[in-house]
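All remarks here apply to the structure that follows.
The values are calculated or read from the model by the stated rules, or taken from the named source; none is laboratory data. The structure displayed is predicted, hence computed values, not measured ones. Note that we place each Cβ from the backbone using ideal geometry, even for glycine, and neighbour counts take in every protein chain shown. SASA here: full protein model, heavy atoms, side chains in, ligands and nucleic acids out. Shrake-Rupley method; radii C 1.70, N 1.55, O 1.52, S 1.80 Å.
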Amino acid sequence: MADVDITSQTMDGMGPHGTRVGLLRVLGPAHVWALGVGIVLVGEYMGWNFAVGKGGAYAALIACWFAGLLYTCVAMIDSEVTSTVASAGGQYTQAKHIIGPLMAFNVGLYLVFAYTMLEAANAITAGYLFSVVASMTGHAAELDQRPFIILVIMFLAWLNYRGVLATLTFNLVITAIAFGAIIILFLSTSGILGGGIMDHAALFEGHELPYGWIGVLAAMHFGLWYYLGIEGTTQAAEEVRSPARALPFGTLAGIMTLLIAATLTWYVCSGILPWEYLGDGVDGAVAPLFDAARLSGSTGLVWLLGFGTLFATLASANGCINDASRACFAMGRDKYLPGWFGAVHPRHRTPYRAIIFLVPIALIFALGAPLDQVITFSILSGLLGYTFMPLNIILFRRKWPLETIKRGYEHPFHPIPAITLLTLCGITFFAVFLGYGTQLVAMIGFYIVVSLWFHFWRYRFVNRGAQFTMPWPKPRGY
Amino acid sequence: MDLWNWLEYGAWGLSALLALYMLVDWLRTDSTYPEDVLTSSREGEIEALAEQHKAREAHHG
């Protein structure tokens with residue numbers, strides 16, 4: 001450290017001419033917003049409507065708001081912790097500092113799997129969208145989706161490889177267009193601008209809760225789809241200029257945006273499409289917002305929502321590559337995974353090896369696995385991650401009370417959000433068990449096996465002393 | 001052969017080019033820089049340096 005001078009242009013410790021090569025701090029709150037909302041917004045364009053199939057339109061709305069409550073707790077807790085643990089790896093790094101190595105290893109794996117699977121699911125979706133456009137424009141034969149699926153993954157991996165600023169600026173633009181498209185569709189079909197085409201009363205009559213309250217419970221599984229991935233904002237922690245300000249600001253603005261987008265999406269789609277059609281995401285409304293635009297009779301809206309769907313899909317895959325690679329990189333840096341993953345590109349300042357390593361994995365799942373299984377694997381990994389968060393914040397507040405570490409954001413009403421989050425996670429686990437019990441048990445079995453492997457083998461390679469570099473005081477009680 | 005057939009070929013070709021770019025750059029980077037420089041990033045580096053910098057300033061002051 002003696003040959004480092006942070007005021008020097010060449011020996012600032014963070015460049016190829018200095019002693020350290022680190023990630024670049026170039027992002028602002030808007031990029032954090034784009035990362036979080038970008039990953040999620042595809043869930044508004046497709047996927048959430050399976051909740052309608054599980055329990056009817058009202059069940060989907062109840063699931064939308066309860067899942068919204070769950071994710072508001074996630075966003076508040078994340079904002080507080082990550083404004084203090086301003087480091088790549090997000091929840092993995094939080095777990096490492098606050099709970100311990102085994103939890104950190106598991107959380108790190110949840111993150112890598114959740115984002116890589118979601119990236120694969122998005123690439124499959126993009127391939128499908130290209131085939132729809134091809135058939136709409138008169139292409140007679142069946143389009144080979146594979147080159148488009150591969151191109152999406154390769155292009156976004158290349159973008160991520162070249163630098164984080166361009167990657168997330170790209171996300172900012174396409175996410176803003178996709179969000180704007182939902183607002184315009186709402187204004188155009190609700191009667192605020194021009195004639196309205198919605199008829200909630202007629203569509204809902206006699207179908208208020210077709211499967212009763214158990215249908216509402218089952219809908220919670222897909223209610224997550226409205227917001228799944230907002231917690232990904234924390235992965236930008238080591239690349240934002242001002243972590244204490246940008247992370248809470250971007251994350252909380254993100255969850256507010258999503259609450260608006262989710263409610264408007266439900267309102268528009270359930271007011272235009274019959275619930276039986278809307279709830280069938282395979283043979284019915286694959287992309288419900290796009291279907292609503294088609295029923296509006298406006299060519300402009302059809303194009304806008306068509307691009308919105310594609311942009312939301314690309315933004316999600318892009319954010320997922322960013323987040324999965326940061327989690328993998330952070331685990332490599334601490335030797336939880338091989339140290340090879342902990343490399344940073346000296347010119348582009350990106351975790352280039354982690355980015356490249358995850359490309360073939362995403363390709364294998366995108367080309368070889370069924371979409372619903374890929375999505376379920378992603379949801380379950382995410383859900384396991386949310387279950388860790390209440391434990392994390394309770395221990396964080398206990399070990400480092402408010403007066404010991406200055407936070408960029410202090411979330412209110414502690415421990416009510418933590419208890420609410422834990423309760424909602426329990427309900428959602430039960431909802432997932434109703435539909436995908438085998439996968440849930442298989443997945444938990446998988447994490448138990450890898451935990452044993454970590455405990456008995458991998459832990460000996462971990463950088464035990466060097467992994468804690470935050471200038472924090474000693475935890476209370478130690 | 002309609003437009004979409006050409007686009008399929010284009011997507012294959014562009015994917016191969018992007019993959020090749022990353023592969024070549026990866027190998028070139030790994031052979032140009034020593035491994036300990038590439039893996040020299042440390043968590044909380046800037047914060048730790050800033051703390052040290054402040055401590056040094058205070059010491060000089």
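Counting only residues at least eight positions apart within a chain, or on another chain, the lysines with an alpha carbon under 28 Å from that of A:Lys335 are A:Lys96, A:Lys399, A:Lys474. Placing a label point 7 Å from the Cα of A:Arg294 along the Cα-to-Cβ direction, the residues of the range A:41-79 whose backbone N falls under 20 Å from that point are A:42-53. Placing A:Leu363, A:Leu424 in order of accessible area, with the largest value first and a 1.4 Å probe, yields A:Leu363, A:Leu424.
Placing pseudo-labels 7 Å out from each Cα toward the beta carbon at A:Arg398 and A:Thr423 gives an inter-label distance of 2.0 nm. Summing charges over all other residues whose Cβ lies under 10 Å from the Cβ of A:Pro248, with Lys and Arg as +1 and Asp and Glu as -1, gives -1. 3J(HN,Hα) along the range A:269-286: 5, 6, x, 10, 9, x, 4, 5, 6, 4, x, 9, x, 9, 9, x, 7, 5 Hz, from the Karplus curve 6.51 cos²θ - 1.76 cosθ + 1.60 with θ = phi - 60°, whole Hz, x for Gly and Pro.
Of A:Arg349, A:Arg241, A:Arg326, the residue with the largest accessible area leads and the full order is A:Arg241, A:Arg349, A:Arg326 (1.4 Å probe).
Taking every alpha-carbon pair under 8 Å whose residues sit at least 6 apart, chain A reaches a relative contact order of 32 percent. For the chain pair B and A, the buried solvent-accessible surface (1.4 Å probe, both sides summed) amounts to about 4000 Å². Length gained on full extension, A:Leu187 to A:His139: 14.0 nm, using 0.36 nm per residue less the C-alpha separation.
Taking the C-alpha atoms only, the angle from helix A:299-333 to the longest principal axis of chain A is near 20 degrees. Amide H to amide H, with H built 1.01 Å from N, A:Leu27 comes under 5 Å of A:Val240, A:Arg241, counting only residues 5 or more places away or on other chains.
Remark: the A:Tyr478-A:Phe461 segment gains 3.6 nm on full extension, using 0.36 nm per residue and subtracting the alpha carbon distance. Within the shell of other residues whose beta carbon sits under 9 angstrom from the beta carbon of B:Glu8, the net charge comes to 0, with Lys and Arg scored +1 and Asp and Glu -1.
In chain A, the longest principal axis of the Cα atoms and the axis of helix A:101-136 are about 40 degrees apart. Taking every protein chain into account, the accessible area of chain A amounts to 36 square angstrom per residue (probe 1.4 Å). Working from Cα pairs under 8 Å separated by at least six residues, relative contact order for the range A:261-396 is 10 percent. Peptide A:148-158 is shielded by partner chain Cβ atoms: per residue, an average of 5 of them sit within 10 Å of its Cβ. Helix A:352-368 and the longest principal axis of the C-alpha atoms of chain A enclose an angle of approximately 30°.
Using the Cβ-Cβ distance between A:Val132 and B:Ala16 with R0 = 22 Å, the FRET efficiency computed as 1/(1 + (r/R0)^6) comes to roughly 0.30. Ranking of A:Met443, B:Met1 by solvent-accessible surface, largest first: B:Met1, A:Met443 (1.4 Å probe, protein heavy atoms only, all chains present).
Dividing the summed -39500 (n - 2.57) terms of all DSSP H runs of n ≥ 4 by the residue count of the protein assembly as shown sets its mean residue ellipticity at 222 nm at -23500 deg cm²/dmol. In sequence order, the range B:21-38 has phi-based couplings of 4, 5, 5, 5, 5, 4, 5, 5, 4, 5, 8, 7, 9, x, 4, 6, 6, 5 Hz under the Karplus curve 6.51 cos²θ - 1.76 cosθ + 1.60, θ = phi - 60°, and Gly or Pro positions carry x.
Peptide A:332-343 has a mean shielding of 3, counted as Cβ atoms of other protein chains within 10 Å of each residue's Cβ.
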